[in-house]
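**Student:** Here's a structure for you.
The values are calculated or read from the model by the stated rules, or taken from the named source; none is laboratory data. What you see is a predicted model, and the numbers here were worked out from it, not measured in a lab. As a convention, Cβ positions derive from the backbone with ideal geometry for all residues, glycine included, and neighbour counts pool all protein chains shown. SASA here: full protein model, heavy atoms, side chains in, ligands and nucleic acids out. Shrake-Rupley method; radii C 1.70, N 1.55, O 1.52, S 1.80 Å.
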Amino acid sequence: MRIPPLKCVLVMALLCGLQSLRAQQIQGKIQNSEGAGISGVELYVKTTLITTTDTTGAFQLSDAWDVPLRLTLKHPDYYIKTVNLTSDDEVLTLLPLDHDPELDPVVISSTYQKASQLIIPTTKLTSETFDAYSPIDIVSALNQTPGVYIQSGALNTNRITIRGVGSRTLYGTNKIRAYYDGIPITNGAGETSIDAFDPESMANVEVVKGPKATQYGTNLGGTLLLNTKHALAGETYIQNNFSVGSFGLLKNRVALGTAEDRYAIQFQYDHLETDGFRDNSRYRRNALLLTSRYQLNTNNEFGVLLNYTNYFAQIPSSIGKTAFETDPSQAAYTWSQAQGYEDNDQVLVGLNYTHRFSERFSNTTAVFYSYLDHYEPRPFNILDEYTNGYGIRTLFAQDFDFFDRQSTLSFGTELYQDAYTWRTIENLYESNDGNGSLEGELLSDNLEKRYTAQLFATTTLQLTGALKLQMGFNLNSTRYQFTDYFNVGDSNTSADRNFDPIFAPNLNLLYQLTSDIKLYANVSRGFNYPSIEETLTPSGLINPDLGPETGYNYELGNAFYTFQGRMHVQLSAYLLDIDNLLVADRVGDDQYIGRNAGQTEHKGVEVAVSFSQLFANGWSLRPYVNAEFSDNRFVDFVDGETDYSGNVLTGVPSTKINGGLQLAYKDFSLNTNVLHIGDMPLDDANTLYSDPYTVLNTKLTYRSDLSPRLSFELHTGINNFTDEAYASSVLINAVGFGDSEPRYYYPGDPRNWYGGLKLNYAL
C-alpha cells in the first residue's frame, strides 16, 4: 500500500518527536532561601555522583536517568537534603549551615552545640570520607586535612598536630580542644584522645585550625567537633557491619535507629580486635553508644548521649634505629619483658535541653559527666589512675536586625572540673619469672583537682550584601589543686596553682566577591596552659613562674568554584607567633618538667583542590589534592648553654601532600589515597632527620539493593599497597639510657588487607 507524501511527513515528524521526547535531558535549578542559584551542589543517586550544578545553580541529567528519581543534594556550606525529583524544570531549595533544616531558624543555639558557625571556611569531613578507608582508620581520614598531621604509634597512641602546634608533646595530644556531640572530651589537663571513638559512627568531623572557635575554647592548635550519625525523620533501620583483615583484625558494628518528627533514638554496639603486626601490640575494644532526642513541643527539646568504651591495648613502644631498620615488628625490649599494656574503662554522659523563648531567641544547656579508669604497667613503674569529670555548658542565641540585615549574637559559658587520682607502684617484672608486670611497693599517691571556666560571645553582622563581619572573644580562667598523700612533713609537695585569666579575641571577615568566589581573613589570639605535671620542679614542687604559652594567628584565604562548579579550590596562608613556648625536659624515665623556653613562628600555605566529573553511562570521577607547605622555626630558644634560635621546629614535616581519586561506575566505587610526608628534624639541634615516606591506600566497594528494604555493601581494601617501610610516629629528642640507642621510631604497618560486608534493613 502506497502512503501519501503528507502522511509520510506526519509519521516521520511524530517518530522524531517521540524520539526527541524520549532522549530529552531532565533539568532543574538549586537555589538558596533568597532565590539565588547555588553552584557546586553535588547530586547523588544512592552513593553515585551523577552531576553538579553550574555557576547559576542549574543542572542537567543525562538521558540515562528518568523521573521520578530520588536525589541527595550535597554542598559544603549547606545542609544535605534528600528529595524526590518528579518533573522537569523543578526548583529545589537548600538551607545554609547556620540554620537547622528541620526547624525554625531560631534554633541556632542547638546547631551551635555541634558546629563552629564560623563564617570563614573550615574543613568538614563527612561519613563518606571515613567510608573511603578501613573501618578502624580515623587517622588517615583526618590526615586528608591540609594543616593537620596525626602521628600514630598504635591504635591507642596518637598525637595530633595542627599547623605545627602540638609537635613537642611527647605522648598524646594536648594542644587542641575536642567535643563529641557538643560534649567536651578534652580533660582538665588539656589532653584529648580520639582513638576511643568509632569512625563508623561519625556523621561528620569539623576541623577548626587555630584559635578561631571562641565558643569552643581558643587553643593554639585548634578544635575538633565530632558528631555522630542520627536517624532521619521517618526512618527506622537495622545495620550490621562486619570486617576482617590482616594481623587478626576483626570488627563488628551493630546499629539500630528510628526517628519521627518529634523523637529520634539510635543505639550502637561495636567490637574491635587485632593482634597488630608488632610484638606486644594486641588490642581489644568494646563500645556502646546511645543517642536520642525528644521534642516536647515547638519550644522545648531534650537530648541524651551515652558512650561507654572498654579497651585493652598492649604497648610495644618506640624502638631505636637499628631495630627499626632490621626488624620493625619487635617491641622495645623493656616493654616486651614487662608485657606493658593499658586497660581502660571510659564513660561519657551528656544531657541537653533546648528552649526557644521566642522566634528569635533560644538557649541550649548541657550537663555532662565523664569517667576514666586507667591502669598501665610500664617498665619503670605501674600507673593506676582514675578521673571523674563534671561540667555544664550553656549557650544563648539571638537573631536581630542590623541595618535591616539579619545578624546573630551568641553568648554563654562552660564550667568544667575534674578530679584526677593517680598512684605509681613499683613494677617487679624482672623478678616475675617472665610473666610480665607485678605490683610492688607504692611509690606515689596523688590527687589533682582541675578547674576551668570559660565565658564566650560571638556576633555576626551582615555589613553589606557581600561583606560579613564576625567578632568574638573567649575569657578563660584555670586553676589546679595538687594533694600529695604519699609524702609527709617537709617532703610533702601539696600545692595550688592559679593562672591569671586570659582574654582571647577573634575577628573574621568574609567577602563574597562573586557567587563563586569568597575572600576571607582572620586575626585571633590563643593559648595553651601547662599541665600540672609540667608545673612541677624536679623536686616535685610547683613552679610559680611557669605560665601558659600564648600566640596570635593571622590568616588570609579564598575559596572559589570554576569549570561550571565542578572544581572547588581553597587557598590559605597563615602566620602563627607563639610566645612562652612550653618545653618538656626529660629528667628520667617518665619524668619530665616544663619550662617556658622562648618563641616559635609557624607560617605556611595550604591548598585543597577537588574536581567532579560525570561521564556517560554512569561513570564518575573525582580527583582531589590537599597540600601544605610550612616553615616552622624557633625564633628564640636557648636550652642551657645551647642556642637553638633559628632552627626548624622539631617533629614537624615542612611538606605534606595528600591526594586521591574516587572512581565510580554505577554500584561500584574505587577509592585511592596517597599520603606523602616530608622529612622532619628529630632533635632540637637539627642533626638528625626522619626519612620522607609515601603511603598508598586503596579500597573497592560494591553496593546494591536486594529488595526495596534490604541493601548491602561488599568492600575490600589494601593499606600501604607498596609496602613502604616508614615511621608512622616519632619521639623527638629521645635519650638512650646506659648503652641503649635512643628510641626515636614507631614503625608504621606494612602492607595489609581488609574486607567486609555491610547490611542495612529499613523497617
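**Student:** Sort largest first and round to whole Å: the equivalent ellipsoid semi-axes of the chain, each the square root of five times a Cα gyration tensor eigenvalue.
**Tutor:** Numbers: eigenvalues 447, 185, 132 Å².
The equivalent ellipsoid of the chain has semi-axes of 47, 30, 26 Å.
**Student:** Quick one: helix 5-23 against the long Cα principal axis of the chain, what's the angle to the nearest 10°, folded into 0 to 90?
**Tutor:** 10 degrees
**Student:** Now for a separate question. Tell me which aspartates and glutamates have Cα within less than 17 Å of Lys656's Cα, excluding those fewer than 8 residues away on the same chain?
**Tutor:** Excluding near neighbours in sequence, the set is Glu606, Glu628, Asp631, Asp679, Asp691, Glu724.
**Student:** Provide the gained length on full extension for the span Tyr665 to Leu351, in nm with one decimal, where the gain is 0.36 nm per separating residue minus the Cα-Cα distance.
**Tutor:** Details: separation 314, 0.36 × 314 = 113.04 nm, distance 4.37 nm.
Contour length minus the Cα-Cα distance gives 108.7 nm.
**Student:** Putting +1 on Lys and Arg Cβ atoms and -1 on Asp and Glu Cβ atoms, find which of Tyr561, Thr291, Tyr180 reaches farthest to the positive end of the dipole of the chain.
**Tutor:** Checked the options; the winner is Tyr561.
**Student:** Here's another thing I want to ask about it. If you roll a 1.4 Å probe over the heavy atoms of the protein chains, what accessible area per residue do you get for the chain, in Å²?
**Tutor:** Numbers: 32560 Å² over 763 residues.
In whole numbers, the chain has 43 Å² accessible per residue.
**Student:** Roughly how much of Ser193 is accessible, in Å² to the nearest 10, using a 1.4 Å probe?
**Tutor:** Here the accessible area works out near 50 Å².
**Student:** Still on this structure, I have one more. Please report the spacing between the Cα centers of the range 174-210 and the range 622-652 in Å, no decimals.
**Tutor:** Centre-to-centre (Cα) distance: 25 Å.
**Student:** With unit charges on the beta carbons (Lys and Arg positive, Asp and Glu negative) and the dipole taken about the Cα centre of the range 545-693, which residue among Phe629, Gln613, Tyr552 sits farthest to the positive side?
**Tutor:** In the range 545-693, that residue is Gln613.
**Student:** Any chance you could look up the accessible area of Val148 with a 1.4 Å probe, heavy atoms only, rounded to 10 Å²?
**Tutor:** Counting only protein heavy atoms, Val148 exposes about 10 Å² to solvent.
**Student:** Subtract the Cα-Cα distance of Tyr485 and Ile80 from 0.36 nm times their separation in residues, and report this length gain in nm to one decimal. Each step should come with its number before you reach the end.
**Tutor:** Details: separation 405, 0.36 × 405 = 145.80 nm, distance 5.44 nm.
140.4 nm is the gain from fully extending Tyr485 to Ile80.
**Student:** Setting aside same-chain residues fewer than 8 positions from Lys29, which aspartates and glutamates have a Cα under 19 Å from its Cα?
**Tutor:** Once the sequence-local aspartates and glutamates are set aside, what remains near Lys29 is Glu42, Asp54, Asp63, Asp66, Asp77, Asp88, Asp89, Glu90, Asp516.
**Student:** Then there's this: Taking the Cα centre of each part, how many Å lie between the range 115-164 and the range 446-472?
**Tutor:** Each part reduced to its Cα centre gives a spacing of 23 Å.
**Student:** For an R0 of 41 angstrom, estimate the FRET efficiency from the Cβ-Cβ distance between Ser358 and Leu714 and round to the nearest 0.05.
**Tutor:** 0.20
**Student:** Now for a different question. Hey, can you rank 621-628, 292-299, 399-406 by average C-beta count inside 10 Å, highest first?
**Tutor:** Packing proxy ranking, top to bottom: 621-628, 292-299, 399-406.
**Student:** Still on this structure, I have one more. So what does Met680 come to for accessible area, using a 1.4 Å probe and Å² rounded to 10?
**Tutor:** Probe radius 1.4 Å; accessible area of Met680 about 0 Å².
**Student:** In nanometres, what is the gap between the two model label sites at Asp343 and Tyr375, each 7 Å from Cα along Cα-to-Cβ?
**Tutor:** 0.3 nm
**Student:** When we measure straight from the Cα of Lys449, which lysines land under 21 angstrom away, once same-chain ones fewer than 8 places off are left out?
**Tutor:** Partners found: Lys175.
**Student:** Sum -39500 (n - 2.57) across every DSSP H segment of at least 4 residues in the chain, then divide by the residue count to get the 222 nm mean residue ellipticity, nearest 500. Let's see the in-between values first.
**Tutor:** Numbers: 6 runs with 46 residues, N = 763.
It lands at -1500 deg cm²/dmol.
**Student:** Roughly speaking, what is the stretch gain from Leu170 to Ala233, that is 0.36 nm per residue apart minus the C-alpha to C-alpha distance, in nm to one decimal? If you can, show how the numbers build up before the last one.
**Tutor:** Values: separation 63, 0.36 × 63 = 22.68 nm, distance 4.53 nm.
Full extension from Leu170 to Ala233 adds 18.1 nm.
**Student:** Can you give the relative contact order of the chain as a percent, counting alpha carbon pairs under 8 Å and 6+ residues apart?
**Tutor:** Working: 2158 pairs, mean separation 79.2, N = 763.
Across the chain, relative contact order equals 10 percent.
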